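Below is one structure, written out as C-alpha coordinates, with a few remarks after it.
The values are calculated or read from the model by the stated rules, or taken from the named source; none is laboratory data. Values in this document were obtained by computation on a predicted structure and should not be read as measured data. Virtual Cβ from ideal backbone geometry, glycine too; neighbours counted across all protein chains shown. SASA here: full protein model, heavy atoms, side chains in, ligands and nucleic acids out. Shrake-Rupley method; radii C 1.70, N 1.55, O 1.52, S 1.80 Å.
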There are 2 protein chains.
Amino acid sequence: VAQDRLAEKQLFQGLGIPTAPFAEPEGLSAGFAAGTVLKRRTGGFDGRGQVRLAAGVPASAVRDAARTIDAPSLAEEVVAFRRELSLVAARTPTGTVACYPLVENCHRDGLLRETVAPATNVAPALASAADTAMRRIMNELDHVGVLALELFEVDGALLGNELAPRVHNSGHWTIEGAATSQFEQHLRAILDLPLGDSSLRSPAAMVNLVGEEPDAAAVLAVPGAHLHRYDKVARRDRKIGHVTVIGSDEHERDDRLAAVRDVLYR
Amino acid sequence: VAQDRLAEKQLFQGLGIPTAPFAEPEGLSAGFAAGTVLKRRTGGFDGRGQVRLAAGVPASAVRDAARTIDAPSLAEEVVAFRRELSLVAARTPTGTVACYPLVENCHRDGLLRETVAPATNVAPALASAADTAMRRIMNELDHVGVLALELFEVDGALLGNELAPRVHNSGHWTIEGAATSQFEQHLRAILDLPLGDSSLRSPAAMVNLVGEEPDAAAVLAVPGAHLHRYDKVARRDRKIGHVTVIGSDEHERDDRLAAVRDVLYR
(Lines give C-alpha, C1' and ligand atoms only; values in the text may rest on other atoms or scores of the structure.)
Protein backbone atom coordinates (compact mmCIF):
# COMPACT_ATOMS: atom_id res chain seq x y z
CA VAL A 1 0.00 0.00 0.00
CA ALA A 2 2.73 2.45 0.96
CA GLN A 3 4.56 1.80 -2.31
CA ASP A 4 1.64 2.90 -4.51
CA ARG A 5 0.34 6.43 -4.10
CA LEU A 6 -3.04 5.47 -5.50
CA ALA A 7 -3.55 2.55 -3.10
CA GLU A 8 -2.31 4.79 -0.26
CA LYS A 9 -4.82 7.54 -1.02
CA GLN A 10 -7.60 4.97 -1.44
CA LEU A 11 -6.70 3.51 1.95
CA PHE A 12 -6.96 6.97 3.55
CA GLN A 13 -10.29 7.53 1.80
CA GLY A 14 -11.66 4.16 2.91
CA LEU A 15 -10.73 4.90 6.52
CA GLY A 16 -12.39 8.33 6.51
CA ILE A 17 -9.07 10.21 6.54
CA PRO A 18 -9.40 13.35 4.36
CA THR A 19 -6.94 13.77 1.48
CA ALA A 20 -6.31 16.27 -1.29
CA PRO A 21 -8.54 15.53 -4.31
CA PHE A 22 -6.82 12.91 -6.49
CA ALA A 23 -7.48 10.87 -9.64
CA GLU A 24 -5.73 8.78 -12.23
CA PRO A 25 -4.73 11.19 -15.04
CA GLU A 26 -6.77 9.29 -17.65
CA GLY A 27 -9.94 9.74 -15.61
CA LEU A 28 -9.80 13.54 -15.31
CA SER A 29 -12.14 15.73 -17.34
CA ALA A 30 -9.98 18.79 -16.52
CA GLY A 31 -6.99 19.77 -14.38
CA PHE A 32 -7.78 20.61 -10.74
CA ALA A 33 -8.99 24.12 -9.96
CA ALA A 34 -6.07 24.96 -7.65
CA GLY A 35 -3.49 23.37 -9.96
CA THR A 36 -2.44 19.78 -10.52
CA VAL A 37 0.63 17.88 -9.44
CA LEU A 38 1.52 14.61 -11.14
CA LYS A 39 3.49 12.11 -9.08
CA ARG A 40 4.82 8.66 -9.94
CA ARG A 41 2.58 6.09 -8.28
CA THR A 42 5.62 3.95 -7.37
CA GLY A 43 9.32 4.55 -6.92
CA GLY A 44 9.22 8.31 -6.38
CA PHE A 45 10.88 9.84 -3.35
CA ASP A 46 12.14 13.19 -2.13
CA GLY A 47 9.88 14.89 -4.68
CA ARG A 48 11.78 13.52 -7.67
CA GLY A 49 9.97 13.16 -11.01
CA GLN A 50 6.98 15.31 -10.05
CA VAL A 51 5.32 17.58 -12.62
CA ARG A 52 3.26 20.63 -11.67
CA LEU A 53 0.52 22.05 -13.91
CA ALA A 54 -1.16 25.45 -13.57
CA ALA A 55 -4.75 25.84 -12.42
CA GLY A 56 -7.45 25.10 -14.96
CA VAL A 57 -5.42 23.30 -17.67
CA PRO A 58 -7.49 21.04 -19.94
CA ALA A 59 -7.59 17.24 -19.53
CA SER A 60 -5.39 16.81 -22.58
CA ALA A 61 -2.58 18.80 -20.91
CA VAL A 62 -2.75 16.52 -17.87
CA ARG A 63 -2.57 13.43 -20.04
CA ASP A 64 0.30 14.86 -22.12
CA ALA A 65 2.22 15.62 -18.93
CA ALA A 66 1.50 12.13 -17.58
CA ARG A 67 3.07 10.63 -20.71
CA THR A 68 6.37 12.43 -19.92
CA ILE A 69 6.62 10.34 -16.72
CA ASP A 70 7.93 6.86 -17.51
CA ALA A 71 5.60 5.12 -15.05
CA PRO A 72 1.94 5.17 -13.99
CA SER A 73 1.22 8.43 -12.19
CA LEU A 74 -1.37 9.96 -9.91
CA ALA A 75 -2.85 13.43 -10.34
CA GLU A 76 -3.47 15.39 -7.14
CA GLU A 77 -4.80 18.86 -6.55
CA VAL A 78 -2.12 21.25 -5.34
CA VAL A 79 -2.73 21.94 -1.67
CA ALA A 80 -1.92 25.33 -0.14
CA PHE A 81 -1.03 23.75 3.17
CA ARG A 82 -0.01 25.73 6.20
CA ARG A 83 2.60 23.14 7.17
CA GLU A 84 3.52 19.48 7.00
CA LEU A 85 3.03 17.56 10.20
CA SER A 86 3.88 13.93 10.79
CA LEU A 87 3.87 11.36 13.49
CA VAL A 88 5.54 8.07 14.12
CA ALA A 89 3.96 5.19 15.99
CA ALA A 90 4.68 1.54 16.73
CA ARG A 91 2.33 -1.44 16.83
CA THR A 92 2.91 -4.92 18.21
CA PRO A 93 1.59 -8.18 16.69
CA THR A 94 -1.10 -8.20 19.36
CA GLY A 95 -2.30 -4.71 18.39
CA THR A 96 -0.86 -2.48 21.10
CA VAL A 97 -0.08 0.96 19.64
CA ALA A 98 2.13 3.75 21.00
CA CYS A 99 2.08 7.10 19.15
CA TYR A 100 4.76 9.77 19.40
CA PRO A 101 3.63 13.41 19.42
CA LEU A 102 2.91 15.30 16.19
CA VAL A 103 5.98 17.01 14.79
CA GLU A 104 6.45 19.74 12.20
CA ASN A 105 8.55 19.16 9.09
CA CYS A 106 10.25 21.69 6.87
CA HIS A 107 11.26 20.70 3.33
CA ARG A 108 13.42 22.50 0.78
CA ASP A 109 13.92 21.31 -2.80
CA GLY A 110 11.82 18.26 -2.01
CA LEU A 111 14.08 17.15 0.84
CA LEU A 112 13.23 17.04 4.52
CA ARG A 113 15.51 19.61 6.15
CA GLU A 114 14.20 20.03 9.68
CA THR A 115 11.81 18.44 12.12
CA VAL A 116 10.64 20.29 15.22
CA ALA A 117 9.20 18.24 18.09
CA PRO A 118 6.61 18.78 19.30
CA ALA A 119 4.91 20.73 16.49
CA THR A 120 4.09 24.22 17.79
CA ASN A 121 0.54 25.25 18.66
CA VAL A 122 -1.26 22.07 17.67
CA ALA A 123 -4.97 22.27 18.49
CA PRO A 124 -6.02 19.30 20.68
CA ALA A 125 -8.55 18.29 18.00
CA LEU A 126 -5.77 17.99 15.44
CA ALA A 127 -3.56 15.93 17.74
CA SER A 128 -6.48 13.65 18.42
CA ALA A 129 -7.35 13.34 14.70
CA ALA A 130 -3.76 12.39 13.89
CA ASP A 131 -3.74 9.78 16.64
CA THR A 132 -7.04 8.30 15.44
CA ALA A 133 -5.91 8.23 11.79
CA MET A 134 -2.67 6.49 12.77
CA ARG A 135 -4.46 3.81 14.78
CA ARG A 136 -6.99 3.16 11.99
CA ILE A 137 -4.22 2.77 9.42
CA MET A 138 -2.10 0.49 11.59
CA ASN A 139 -5.03 -1.72 12.49
CA GLU A 140 -6.33 -1.86 8.90
CA LEU A 141 -2.90 -2.91 7.61
CA ASP A 142 -2.27 -5.15 10.63
CA HIS A 143 1.07 -3.34 10.69
CA VAL A 144 3.83 -4.55 13.03
CA GLY A 145 6.72 -2.21 13.86
CA VAL A 146 7.15 1.51 13.37
CA LEU A 147 5.18 3.47 10.77
CA ALA A 148 5.28 7.17 9.87
CA LEU A 149 2.30 9.15 8.65
CA GLU A 150 2.78 12.47 6.84
CA LEU A 151 -0.06 14.94 6.96
CA PHE A 152 -0.82 18.41 5.64
CA GLU A 153 -2.45 20.98 7.88
CA VAL A 154 -4.92 22.97 5.77
CA ASP A 155 -7.45 25.38 7.27
CA GLY A 156 -7.24 23.76 10.68
CA ALA A 157 -7.79 20.23 9.35
CA LEU A 158 -5.42 17.40 8.47
CA LEU A 159 -5.07 15.75 5.07
CA GLY A 160 -3.38 12.36 4.76
CA ASN A 161 -0.41 12.58 2.39
CA GLU A 162 1.94 9.65 2.68
CA LEU A 163 2.85 6.55 4.69
CA ALA A 164 6.29 5.13 5.42
CA PRO A 165 6.15 1.67 7.03
CA ARG A 166 9.46 1.95 8.88
CA VAL A 167 11.53 4.05 11.23
CA HIS A 168 11.49 7.47 9.63
CA ASN A 169 13.67 10.53 9.19
CA SER A 170 10.99 12.65 10.88
CA GLY A 171 11.35 10.38 13.94
CA HIS A 172 15.11 10.67 14.40
CA TRP A 173 14.58 13.34 17.09
CA THR A 174 13.27 10.55 19.35
CA ILE A 175 16.83 9.30 20.02
CA GLU A 176 17.47 12.22 22.34
CA GLY A 177 14.02 13.80 22.58
CA ALA A 178 11.72 10.94 23.58
CA ALA A 179 11.80 8.54 26.51
CA THR A 180 12.15 5.65 24.03
CA SER A 181 13.76 6.09 20.60
CA GLN A 182 11.87 4.97 17.50
CA PHE A 183 14.62 2.39 16.91
CA GLU A 184 14.23 0.77 20.35
CA GLN A 185 10.46 1.01 19.90
CA HIS A 186 10.63 -0.79 16.54
CA LEU A 187 12.57 -3.66 18.11
CA ARG A 188 10.15 -3.87 21.02
CA ALA A 189 7.24 -3.95 18.56
CA ILE A 190 8.53 -6.63 16.19
CA LEU A 191 9.63 -8.79 19.13
CA ASP A 192 6.16 -8.44 20.69
CA LEU A 193 7.62 -6.87 23.85
CA PRO A 194 5.88 -4.15 25.88
CA LEU A 195 6.22 -0.81 24.07
CA GLY A 196 8.22 1.94 25.76
CA ASP A 197 7.13 5.39 26.86
CA SER A 198 6.73 7.46 23.67
CA SER A 199 6.34 10.81 25.40
CA LEU A 200 8.65 13.74 24.85
CA ARG A 201 11.57 14.11 27.28
CA SER A 202 12.61 17.55 26.08
CA PRO A 203 11.64 19.79 23.20
CA ALA A 204 13.87 18.73 20.30
CA ALA A 205 14.71 19.61 16.73
CA MET A 206 16.43 17.60 14.01
CA VAL A 207 18.37 19.09 11.12
CA ASN A 208 19.40 16.87 8.23
CA LEU A 209 22.94 17.04 6.92
CA VAL A 210 22.51 17.16 3.17
CA GLY A 211 25.32 16.87 0.65
CA GLU A 212 28.29 17.74 2.84
CA GLU A 213 29.91 16.96 6.15
CA PRO A 214 29.50 19.72 8.74
CA ASP A 215 32.16 21.28 10.95
CA ALA A 216 31.68 18.74 13.75
CA ALA A 217 33.46 20.82 16.37
CA ALA A 218 31.30 23.85 15.63
CA VAL A 219 28.09 21.79 15.68
CA LEU A 220 28.98 20.13 18.99
CA ALA A 221 29.95 23.43 20.57
CA VAL A 222 26.22 24.26 20.51
CA PRO A 223 24.83 23.23 23.92
CA GLY A 224 22.38 20.34 23.66
CA ALA A 225 23.52 19.36 20.14
CA HIS A 226 24.22 15.77 19.16
CA LEU A 227 25.75 14.72 15.85
CA HIS A 228 24.76 11.55 13.99
CA ARG A 229 26.91 10.59 11.01
CA TYR A 230 25.81 7.80 8.69
CA ASP A 231 29.27 7.10 7.28
CA LYS A 232 27.98 7.75 3.76
CA VAL A 233 29.90 9.34 0.92
CA ALA A 234 28.81 12.98 0.65
CA ARG A 235 26.97 13.71 -2.63
CA ARG A 236 24.72 16.56 -3.69
CA ASP A 237 21.20 16.18 -2.18
CA ARG A 238 22.19 13.05 -0.24
CA LYS A 239 21.29 12.85 3.46
CA ILE A 240 24.53 11.85 5.16
CA GLY A 241 23.64 12.48 8.79
CA HIS A 242 21.64 14.65 11.11
CA VAL A 243 22.01 16.90 14.11
CA THR A 244 19.57 16.77 17.00
CA VAL A 245 19.33 19.61 19.45
CA ILE A 246 17.39 19.54 22.71
CA GLY A 247 16.51 22.30 25.14
CA SER A 248 14.87 22.53 28.52
CA ASP A 249 11.99 24.45 26.91
CA GLU A 250 10.92 25.38 23.38
CA HIS A 251 12.55 28.79 23.63
CA GLU A 252 15.95 27.33 24.51
CA ARG A 253 15.51 24.64 21.84
CA ASP A 254 14.78 27.34 19.24
CA ASP A 255 17.84 29.38 20.21
CA ARG A 256 20.02 26.29 19.93
CA LEU A 257 18.42 25.30 16.62
CA ALA A 258 19.25 28.78 15.30
CA ALA A 259 22.86 28.29 16.43
CA VAL A 260 23.04 24.93 14.62
CA ARG A 261 21.67 26.54 11.44
CA ASP A 262 24.32 29.25 11.72
CA VAL A 263 27.01 26.59 11.75
CA LEU A 264 25.55 24.60 8.86
CA TYR A 265 24.49 27.39 6.52
CA ARG A 266 26.74 30.35 7.31
CA VAL B 1 49.01 2.98 36.46
CA ALA B 2 45.48 1.58 36.50
CA GLN B 3 46.78 -1.94 35.88
CA ASP B 4 48.92 -2.02 39.03
CA ARG B 5 47.20 -1.51 42.37
CA LEU B 6 50.41 -0.33 43.98
CA ALA B 7 51.10 2.34 41.36
CA GLU B 8 47.43 3.34 41.55
CA LYS B 9 47.51 3.84 45.31
CA GLN B 10 50.81 5.70 45.08
CA LEU B 11 49.29 7.98 42.46
CA PHE B 12 46.39 8.76 44.80
CA GLN B 13 48.82 9.39 47.64
CA GLY B 14 51.00 11.67 45.52
CA LEU B 15 47.94 13.72 44.53
CA GLY B 16 46.71 14.14 48.09
CA ILE B 17 43.77 11.78 47.63
CA PRO B 18 43.26 9.76 50.83
CA THR B 19 43.34 5.94 50.56
CA ALA B 20 43.06 3.00 52.93
CA PRO B 21 46.44 2.19 54.51
CA PHE B 22 48.40 -0.07 52.14
CA ALA B 23 51.81 -1.71 51.82
CA GLU B 24 53.65 -4.40 49.98
CA PRO B 25 53.22 -7.61 52.04
CA GLU B 26 57.01 -8.01 52.52
CA GLY B 27 57.23 -4.58 54.11
CA LEU B 28 54.64 -5.12 56.85
CA SER B 29 55.69 -5.63 60.44
CA ALA B 30 52.17 -6.87 61.29
CA GLY B 31 48.74 -7.25 59.71
CA PHE B 32 46.58 -4.11 59.79
CA ALA B 33 44.59 -3.38 62.94
CA ALA B 34 41.19 -3.55 61.24
CA GLY B 35 42.11 -6.63 59.20
CA THR B 36 44.09 -7.08 56.00
CA VAL B 37 43.01 -7.82 52.47
CA LEU B 38 45.53 -9.09 49.95
CA LYS B 39 44.85 -8.27 46.32
CA ARG B 40 46.77 -9.15 43.15
CA ARG B 41 48.61 -6.04 42.02
CA THR B 42 47.80 -6.85 38.37
CA GLY B 43 45.19 -8.89 36.56
CA GLY B 44 42.62 -9.10 39.35
CA PHE B 45 39.04 -8.08 38.69
CA ASP B 46 35.58 -8.53 40.16
CA GLY B 47 37.20 -9.39 43.51
CA ARG B 48 38.78 -12.60 42.21
CA GLY B 49 41.89 -13.94 43.92
CA GLN B 50 41.58 -11.75 47.02
CA VAL B 51 42.50 -13.10 50.45
CA ARG B 52 41.16 -11.63 53.70
CA LEU B 53 43.02 -11.91 57.01
CA ALA B 54 41.63 -11.22 60.47
CA ALA B 55 42.65 -8.21 62.53
CA GLY B 56 46.02 -8.34 64.22
CA VAL B 57 47.59 -11.35 62.45
CA PRO B 58 51.40 -11.43 62.56
CA ALA B 59 53.55 -10.38 59.60
CA SER B 60 54.40 -14.03 58.88
CA ALA B 61 50.71 -14.81 58.30
CA VAL B 62 50.47 -11.96 55.78
CA ARG B 63 53.56 -13.21 53.93
CA ASP B 64 52.29 -16.82 53.98
CA ALA B 65 48.99 -15.68 52.52
CA ALA B 66 50.76 -13.57 49.90
CA ARG B 67 52.62 -16.69 48.72
CA THR B 68 49.29 -18.42 47.98
CA ILE B 69 48.66 -15.76 45.32
CA ASP B 70 50.56 -16.56 42.13
CA ALA B 71 51.50 -12.94 41.45
CA PRO B 72 52.80 -9.88 43.30
CA SER B 73 50.14 -8.62 45.70
CA LEU B 74 49.28 -5.54 47.70
CA ALA B 75 48.15 -5.57 51.34
CA GLU B 76 45.43 -3.09 52.28
CA GLU B 77 43.66 -2.41 55.52
CA VAL B 78 40.04 -3.58 55.47
CA VAL B 79 37.84 -0.50 55.31
CA ALA B 80 34.45 -0.44 57.01
CA PHE B 81 33.03 1.82 54.33
CA ARG B 82 29.51 3.15 54.38
CA ARG B 83 29.17 2.75 50.63
CA GLU B 84 31.04 2.69 47.35
CA LEU B 85 30.67 5.79 45.23
CA SER B 86 32.10 6.36 41.79
CA LEU B 87 32.16 8.89 39.05
CA VAL B 88 32.93 8.92 35.39
CA ALA B 89 34.48 11.83 33.55
CA ALA B 90 35.94 12.60 30.15
CA ARG B 91 38.97 14.66 29.18
CA THR B 92 40.02 15.96 25.79
CA PRO B 93 43.61 16.19 24.49
CA THR B 94 43.54 19.91 25.25
CA GLY B 95 42.58 19.30 28.88
CA THR B 96 38.86 20.07 28.98
CA VAL B 97 37.16 17.88 31.58
CA ALA B 98 33.46 17.04 32.06
CA CYS B 99 32.48 15.07 35.19
CA TYR B 100 29.25 13.13 35.62
CA PRO B 101 27.60 13.20 39.05
CA LEU B 102 28.68 10.84 41.85
CA VAL B 103 26.77 7.56 41.79
CA GLU B 104 26.34 4.81 44.35
CA ASN B 105 27.35 1.23 43.60
CA CYS B 106 26.16 -1.96 45.19
CA HIS B 107 28.26 -5.12 44.88
CA ARG B 108 27.46 -8.73 45.75
CA ASP B 109 29.99 -11.59 45.58
CA GLY B 110 32.56 -9.13 44.23
CA LEU B 111 30.40 -8.15 41.26
CA LEU B 112 28.79 -4.79 40.60
CA ARG B 113 25.05 -5.40 40.79
CA GLU B 114 23.45 -1.97 40.84
CA THR B 115 24.31 1.67 40.30
CA VAL B 116 22.01 4.43 41.49
CA ALA B 117 22.40 7.89 39.92
CA PRO B 118 22.75 10.32 41.48
CA ALA B 119 24.06 8.88 44.77
CA THR B 120 21.60 9.76 47.52
CA ASN B 121 22.36 12.45 50.10
CA VAL B 122 25.84 13.37 49.00
CA ALA B 123 27.24 16.24 51.04
CA PRO B 124 28.38 19.10 48.76
CA ALA B 125 31.90 18.80 50.21
CA LEU B 126 32.06 15.16 49.11
CA ALA B 127 30.86 15.93 45.61
CA SER B 128 33.43 18.66 45.34
CA ALA B 129 36.22 16.41 46.69
CA ALA B 130 35.37 13.73 44.11
CA ASP B 131 35.38 16.27 41.31
CA THR B 132 38.74 17.66 42.43
CA ALA B 133 40.29 14.20 42.78
CA MET B 134 39.07 13.24 39.30
CA ARG B 135 40.54 16.37 37.70
CA ARG B 136 43.87 15.92 39.46
CA ILE B 137 44.12 12.31 38.31
CA MET B 138 43.15 13.06 34.72
CA ASN B 139 45.57 15.95 34.44
CA GLU B 140 48.42 14.02 36.12
CA LEU B 141 47.97 11.09 33.73
CA ASP B 142 47.28 13.41 30.78
CA HIS B 143 44.36 11.08 30.22
CA VAL B 144 42.29 11.36 27.04
CA GLY B 145 38.82 9.79 26.91
CA VAL B 146 36.56 8.50 29.67
CA LEU B 147 37.89 7.39 33.05
CA ALA B 148 36.07 5.97 36.08
CA LEU B 149 37.15 6.55 39.67
CA GLU B 150 35.87 4.27 42.44
CA LEU B 151 35.79 5.69 45.95
CA PHE B 152 34.82 4.52 49.41
CA GLU B 153 32.80 6.80 51.67
CA VAL B 154 34.09 6.37 55.22
CA ASP B 155 33.09 8.65 58.10
CA GLY B 156 32.03 11.41 55.75
CA ALA B 157 35.27 11.35 53.75
CA LEU B 158 36.27 9.73 50.47
CA LEU B 159 39.07 7.20 49.98
CA GLY B 160 40.43 6.52 46.51
CA ASN B 161 40.06 2.83 45.64
CA GLU B 162 40.45 2.12 41.95
CA LEU B 163 40.74 3.63 38.50
CA ALA B 164 39.36 2.31 35.22
CA PRO B 165 40.65 4.24 32.20
CA ARG B 166 37.65 3.56 29.96
CA VAL B 167 33.88 3.69 29.72
CA HIS B 168 32.71 1.88 32.81
CA ASN B 169 29.90 -0.33 34.03
CA SER B 170 29.04 2.24 36.71
CA GLY B 171 28.49 4.77 33.88
CA HIS B 172 26.04 2.73 31.81
CA TRP B 173 23.14 4.65 33.38
CA THR B 174 24.26 7.68 31.35
CA ILE B 175 22.75 6.21 28.15
CA GLU B 176 19.25 7.06 29.35
CA GLY B 177 19.99 9.11 32.47
CA ALA B 178 22.41 11.81 31.31
CA ALA B 179 22.17 14.42 28.59
CA THR B 180 25.19 12.81 26.90
CA SER B 181 26.02 9.11 27.29
CA GLN B 182 29.52 8.12 28.41
CA PHE B 183 29.99 6.42 25.03
CA GLU B 184 29.23 9.56 23.03
CA GLN B 185 31.35 11.53 25.50
CA HIS B 186 34.31 9.17 24.99
CA LEU B 187 34.13 9.67 21.22
CA ARG B 188 33.89 13.43 21.62
CA ALA B 189 36.91 13.36 23.94
CA ILE B 190 39.25 11.23 21.85
CA LEU B 191 38.30 13.17 18.70
CA ASP B 192 39.04 16.45 20.52
CA LEU B 193 35.48 17.69 19.96
CA PRO B 194 33.54 19.83 22.45
CA LEU B 195 32.34 17.65 25.34
CA GLY B 196 28.59 17.23 25.79
CA ASP B 197 26.42 18.13 28.75
CA SER B 198 27.18 15.57 31.49
CA SER B 199 24.32 16.56 33.77
CA LEU B 200 21.59 14.17 34.85
CA ARG B 201 18.40 14.18 32.75
CA SER B 202 16.41 12.00 35.14
CA PRO B 203 17.20 10.00 38.25
CA ALA B 204 18.32 6.60 36.98
CA ALA B 205 19.38 3.17 38.20
CA MET B 206 21.27 0.40 36.45
CA VAL B 207 20.96 -3.29 37.32
CA ASN B 208 23.47 -5.74 35.84
CA LEU B 209 22.23 -8.97 34.32
CA VAL B 210 24.54 -11.59 35.75
CA GLY B 211 24.66 -15.22 34.64
CA GLU B 212 21.28 -15.54 32.97
CA GLU B 213 18.96 -13.86 30.49
CA PRO B 214 16.00 -12.12 32.10
CA ASP B 215 12.34 -12.34 31.12
CA ALA B 216 12.57 -9.46 28.64
CA ALA B 217 8.81 -8.92 28.43
CA ALA B 218 8.52 -8.68 32.22
CA VAL B 219 11.48 -6.30 32.48
CA LEU B 220 10.14 -4.02 29.73
CA ALA B 221 6.67 -4.00 31.25
CA VAL B 222 8.17 -1.88 34.05
CA PRO B 223 7.60 1.78 33.09
CA GLY B 224 10.85 3.59 32.34
CA ALA B 225 12.87 0.38 31.97
CA HIS B 226 15.28 -0.17 29.08
CA LEU B 227 17.01 -3.48 28.36
CA HIS B 228 20.58 -3.71 27.04
CA ARG B 229 21.73 -7.16 25.93
CA TYR B 230 25.39 -7.76 25.10
CA ASP B 231 24.78 -10.86 22.99
CA LYS B 232 27.10 -12.87 25.23
CA VAL B 233 26.72 -16.52 26.16
CA ALA B 234 25.21 -16.71 29.66
CA ARG B 235 27.60 -18.18 32.22
CA ARG B 236 27.67 -18.10 36.01
CA ASP B 237 28.92 -14.71 37.29
CA ARG B 238 29.21 -13.28 33.78
CA LYS B 239 27.69 -9.85 33.07
CA ILE B 240 25.60 -10.38 29.95
CA GLY B 241 23.60 -7.15 29.89
CA HIS B 242 21.99 -4.53 32.04
CA VAL B 243 18.66 -2.86 32.67
CA THR B 244 18.38 0.88 33.16
CA VAL B 245 15.34 2.40 34.76
CA ILE B 246 14.55 6.11 34.87
CA GLY B 247 11.92 8.04 36.81
CA SER B 248 10.70 11.60 36.95
CA ASP B 249 11.99 11.81 40.53
CA GLU B 250 14.00 9.60 42.89
CA HIS B 251 10.90 8.17 44.47
CA GLU B 252 9.47 7.01 41.14
CA ARG B 253 12.91 5.72 40.12
CA ASP B 254 13.14 3.70 43.35
CA ASP B 255 9.67 2.17 42.86
CA ARG B 256 10.58 1.15 39.33
CA LEU B 257 13.94 -0.21 40.46
CA ALA B 258 12.11 -2.36 43.01
CA ALA B 259 9.84 -3.63 40.24
CA VAL B 260 12.86 -4.55 38.09
CA ARG B 261 14.43 -6.40 41.02
CA ASP B 262 11.17 -8.31 41.50
CA VAL B 263 11.36 -9.49 37.90
CA LEU B 264 15.03 -10.44 38.05
CA TYR B 265 15.21 -12.07 41.47
CA ARG B 266 11.74 -13.43 42.19
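Things to note:
Okay, residues lined up against (1) among the hydroxyl-bearing types (Ser, Thr, Tyr); (2) more than 24 Å from A:LEU11 (Cα to Cα):
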{"site": "A:LYS39", "(1), (2)": "no, no"}
{"site": "A:VAL51", "(1), (2)": "no, no"}
{"site": "A:THR68", "(1), (2)": "yes, yes"}
{"site": "A:LEU87", "(1), (2)": "no, no"}
{"site": "A:THR96", "(1), (2)": "yes, no"}
{"site": "A:GLU114", "(1), (2)": "no, yes"}
{"site": "A:ALA117", "(1), (2)": "no, yes"}
{"site": "A:HIS143", "(1), (2)": "no, no"}
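- A:GLU153 falls short on exactly one of the conditions (1) among the acidic types (Asp, Glu); (2) open to solvent by 20 Å² or more (accessible area, probe 1.4 Å); (3) closer than 27 Å to A:ALA2 by Cβ, and that condition is (2).
- Apart from one condition, A:HIS172 fits all of (1) more than 30 Å from B:ALA178 (Cα to Cα); (2) at pLDDT 95 or above; the exception is (1).
- Looking across the stretch B:177-189 at every residue that is in contact (Cβ under 8 Å) with a residue 60 or more places away in the chain and more than 8 Å from chain A (Cβ to nearest Cβ), the one that is nearest to the chain's Cα centre (by Cα) is identified as B:GLN182.
- Any chance A:PHE32 is aromatic (Phe, Trp, Tyr), buried (at least 20 other Cβ atoms within 10 Å of the Cβ) and closer than 28 Å to A:ARG113 by Cβ: yes
- Residue tally, condition among the charged types (D, E, K, R) and on the phi > 0 side of the Ramachandran plot, over the stretch A:21-63: 1
- Of everything listed in (1) in contact with a Ser or Thr (Cβ under 6 Å, 6 or more places away or on another chain); (2) surrounded by fewer than 22 Cβ atoms within 10 Å (Cβ to Cβ), the single unmet condition for B:GLU213 is (1).
- Residues that are out of contact with any Pro (no Cβ under 7 Å at 6 or more places or on another chain), in a loop (DSSP other than H, G, I, E, B) and more than 14 Å from chain B (Cβ to nearest Cβ) within the stretch A:194-251 comprise A:GLY211, A:GLU212, A:TYR230, A:LYS232, A:VAL233, A:ALA234, A:ARG235, A:ARG236, A:ASP237, A:ARG238, listed in sequence order.
- Of all residues making up the stretch B:158-182, the number that are touching a Gly at 6+ places or on another chain (Cβ under 9 Å) and closer than 20 Å to B:PRO118 by Cβ: 7
- Residue in the stretch A:117-128 that is crowded, with 22+ Cβ neighbours inside 10 Å and either assigned to a strand (DSSP E or B) or touching a helix residue (DSSP H, G or I) at 6+ places or on another chain (Cβ under 8 Å) (or both) present: yes
- For A:VAL144, the criteria (1) under 17 Å from the mean Cα position of the chain (by Cα); (2) open to solvent by 10 Å² or more (accessible area, probe 1.4 Å); (3) β-branched (Val, Ile, Thr) hold in every case but one, which is (1).
- When the residues of the stretch A:238-251 are filtered to those that are of a type in the set (D, E, K, R) and open to solvent by 60 Å² or more (accessible area, probe 1.4 Å), the one that is nearest to A:VAL116 (Cα to Cα) is A:GLU250.
- Filtering the stretch B:109-130 to residues that are within 15 Å of the chain's Cα centre (by Cα) and of a type in the set (Gly, Ala, Ser) leaves B:GLY110, B:ALA117, B:ALA119, B:ALA130.
- Residues located in the stretch A:20-53, provided they are among the acidic types (Asp, Glu) and at pLDDT below 90: A:ASP46
- Residue match in the stretch B:150-159 (condition: more than 14 Å from chain A (Cβ to nearest Cβ), in contact (Cβ under 8 Å) with a residue 24 or more places away in the chain, farther than 30 Å from B:VAL263 by Cβ and in contact with a Ser or Thr (Cβ under 8 Å, 6 or more places away or on another chain)): yes
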